[in-house]
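Comments concern the structure below.
The values are calculated or read from the model by the stated rules, or taken from the named source; none is laboratory data. Not measured: the values here are computed from a predicted model. A quick note on method: Cβ atoms are made from the backbone with ideal geometry, for glycine too, and the neighbour counts reach across all protein chains shown. Accessible surface areas use protein heavy atoms only, side chains included; no ligands, DNA or RNA. Shrake-Rupley method; radii C 1.70, N 1.55, O 1.52, S 1.80 Å.
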Amino acid sequence: MKGLRSLYIIVLLLLSAMAFGQTATVKGRVVNDKNEAIPNVIITVNGISLAVTDLDGAFTLSSPAGKEVTITFRLNNTEQKLIKRTFAVDEVAQLNIKLDVKGADINGVVIVAEKPGVAIDPITTVTVASPSGGVEWIIKTLPGVTSNNELSSQYSVRGGSYDENLVYINDIEVYRPFLVRSGQQEGLSFINPDMVSGINFSAGGFEARYGDKMSSVLDIQYRRPARFGGSASASILGFTGQLEGISKDNRFTFLVGARQRTTQYLLNSLDTKGNYRPSSADVQAQFTYDFTENLQLQYLGSYSQNKYRVVPTNRETTFGTLNEALRLQIYFEGQETNSFDTYMSAFSLVYRANKNWLMKFITSGFRSTEVENSDVLGQYFLNDVETDFGSDDFGQSSALLGVGSFLTHNRNKLQSYIYNVEHKSYLTINKHHLVYGIKWQHEQFKDKLNEWRYVDSADYSVPSGNDDIIKLQDVLKTTLSLSSNRFMGYVQDSYSDTTAKGHKWSATVGVRANYWSVNQQLVISPRVQISLTPKWKVDTVIKTNRKGVLDTIIRPRTWQFRIAGGYYYQPPFYRELRSLQGTLNTDIRAQRSIHIIGGADHYFKAWKRDFKLSVEAYYKFLKDLIPYEIDNVRIRYYAQNLSSGYTTGIDARVNGQFVKGVESWMSLSIMKTGENLKNDVYYDLYDANGNKIIPGFSANQVAVDTVKYNPGLIPRPMDQRVTFSMFFQDHLPKWPTFKMNITLTFGTGFPFGPPDFNRYKDTLRMPFYRRVDIGFQKQLISDKTKFRDKSMFRYFKNMFISLEVFNLLGVNNTVSYLWIKDFSGRQYAIPNYLTNRLINLRLYAQF
């Protein structure tokens, strides 16, 4: 840990002293053997991703000059070409590349490197060691992204909730289940990493062509196969399989993936013991057919089934301090059974009218059925623990502080139907790149709620009235339904040019509109992104080398600066409408966030290798917020526009070849977010002696005086002040087939409070989140491996076996709290710990 911290400090100190070497501009086009343009090709220089080809297969990038560089062109994680060139200083080089693929995909407009956002190499999502796997695990290592739950694929971006993030696959917005209460129930995420060809992520200030959410956008592209192939993997946590191919006439392609996952192995390490039976499975398929060179039909379909069943038996949690250690013991009866079934189908018709105009027509449907059935009875005992090291009873229960029982009952069912029709167009006129689109979306929700909770503990269950009726807590019993329509549209223009002095600049200006039939609100969202790459004068430094010869070193100060901002409205979805009392409030308005973002990218050299530093500072004005409470991953909204607030912070990321040949990165974020609720006053009560009365503490105290307080700004639920994450790859120099990757995550605590839905009390802080996951790999087969003609392994292109250690440090991270009372009425927050240290073995093969 000290070595990693020192490495990070060294990198930051080098930023002011080191500069990127002499540079050259490289332009070109990537085509297939028929000279057809190939979009979505990822281009890296010395291991750093610098550009992605556009619809015409064109690209422009800056490359080190005066020395040999390695440029890699990769498509679909499989097709790649590697060249080595040496460019002169300030040279404008033309580089046209021909990839050996059987067809060109006319679909797709991607986020190029000059626009705000981070491009991730999809290969890292396959090799990374993680308990949940997938794209989201890598996203959590990026600056501005926070999460304190390794069992969940959900994440918060710059202080926003889980519901403030957009996710697209092939330009189609995807959704996740609404009723999930904990990461244990979640199952598979929608994104299948084995099918991904492109990953682009923006933590704010994104373009108008993306939808109406306040925090972030994750843009995923599934690949178009160029030949027959596939992959498979198996581990203790489940297996995956993927198959792809292309017809002989290159018109038809298919890409099919299947996954099965069980988290039983992970859940058995939790404090709550029992018979866990989680099971998740899905099948996804993408088909494309080219009627002509300019007309293509695409289909994307998915079916997912996530089941979670547990019969809990007992739980034992020890917590507190060295001087005051406590132990909670719970004995359970009953079971919990949940199921989440989702279906999605989408058709896209892509037509290229000419080389400058591409049109896309999309229709999609999403359906989910979510069922919760739970009857769990628990009896708990809260004990004081002996902390005297000299006592024979050290570590044993020494006194009973509280005893009680609770019963939870759930019979909930939510059915969701979402249908939409959309048109998008991409038009190039000279140096202008226009994008516009319109969309209609219909939504239906059918919701049956039947849940309650009963707690028999000190000061909880008190009979009322003459009939001695016991009151239940958190009773929700109702049937809700909602049908609505949304109308959306946007237009944006991107323009780039170079000034007479060689300064490169680009600007994207756009506006989008959204109308919702329920509250009849129309919101207009103007957005802008501007970037500048100045060509500054070079610094000439004369130094004496080791041989005593004077060397002239040219250090151009190459930076790229950018600003972005705009209005980001988030019209309510079904979950925001449902109040804590189980009613629908259809009068709420869209939440609003105004983004102001400034950032810079700097390329520099360290250890004779290329690195990139990205820094962004931001401020967000928040208005008409809908406050919410969060428990684990369950979000419960107040269903009213009750607050306004702000979010401000700074994000930094350093990525490059810390180890030659592989890319790693470190991310650091500092952030603060708060909100001020309307009419959230509270009163302190005092008795005749001036003593403050704690409600429920003593029935003999009588209030004679009150003091009114206004809490003002309080932390928002996702106010995690400091986060640091690292993804690091390495290999043995003499045995490069032995590899390692490590993911390190640190985050300060989220705010929390007692479960009474008084937001002003949520100012306590969870412990820091600390986690390290490491994977050791042995490359068994690579594209350089030679086999005999009759060997069965000659068909494999890649194969490795990986030994993975989850939660290497064995830290008990807290995800939420269970609140109970002792005999005196004092409340205790019992931490719900996450998974412990575990080992996983995984085999991956690609053919």
* Measure out, as a whole number of angstrom, how far apart the alpha-carbon centroids of the range 125-160 and the range 174-219 sit. => 11 Å
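How large is Rg over Rh for the range 168-278, taking Rg from the Cα atoms and Rh as the Kirkwood inverse mean of 1/r across Cα pairs?
1.05
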* Can you list the trypsin sites (Lys or Arg not before Pro) in the range 472-521 that are in a DSSP coil and have 16 or fewer other beta carbons within 10 angstrom? -> K501
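Between the DSSP loop rule and a limit of at most 15 other Cβ atoms within 10 Å, which GluC sites (Glu not before Pro) in the range 312-398 are left?
Passing both the DSSP loop test and the Cβ count: E324.
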* Asked: Got a sec? Charge dipole of the chain, +1 on Cβ for Lys and Arg, -1 for Asp and Glu; which of F361, N294, L218 is way out at the positive end?
  -> N294
* Could you check the simple spin-label distance between R770 and Q260, using points 7 Å along Cα→Cβ, in nm with one decimal? => 3.9 nm
* To do: Mind ranking V681, V772 by accessible surface for me, highest first, 1.4 Å probe?
  => V681, V772
* **Sparse-neighbour loop sites [trypsin sites (Lys or Arg not before Pro); the range 295-391; at most 14 other C-beta within 10 Å; DSSP]** => K355
* How big is the Cα convex hull of the range 562-695 in projection, averaged over all directions, in nm²? -> 14.1 nm²
* Structure fact -> Most packed first (mean Cβ within 10 Å per residue), the peptides 527-535, 209-217 order as 209-217, 527-535
* **Beta bridges by DSSP in the chain, antiparallel share as percent, to the nearest 5** => 95 percent
* Heads up, I need the accessible area for S644: 1.4 angstrom probe, whole protein in place, Å², nearest 10. => 50 Å²
* To do: Calculate the dipole size of the chain relative to its Cα centre from +1 charges on Lys and Arg beta carbons and -1 charges on Asp and Glu beta carbons; express the result in debye to the nearest 20.
  => 3620 debye
* Asked: Considering the dipole of the range 383-526 built from charges on the beta carbon (Lys and Arg +1, Asp and Glu -1) around the Cα centre, which of Y490, S405, Q444 is farthest to its positive end?
  -> Y490
* To do: Taking the dipole about the Cα centre of the range 729-835, with the C-beta of Lys and Arg at +1 and of Asp and Glu at -1, give me whichever of F823, Y795, L744 is farthest to the positive side.
  => Y795
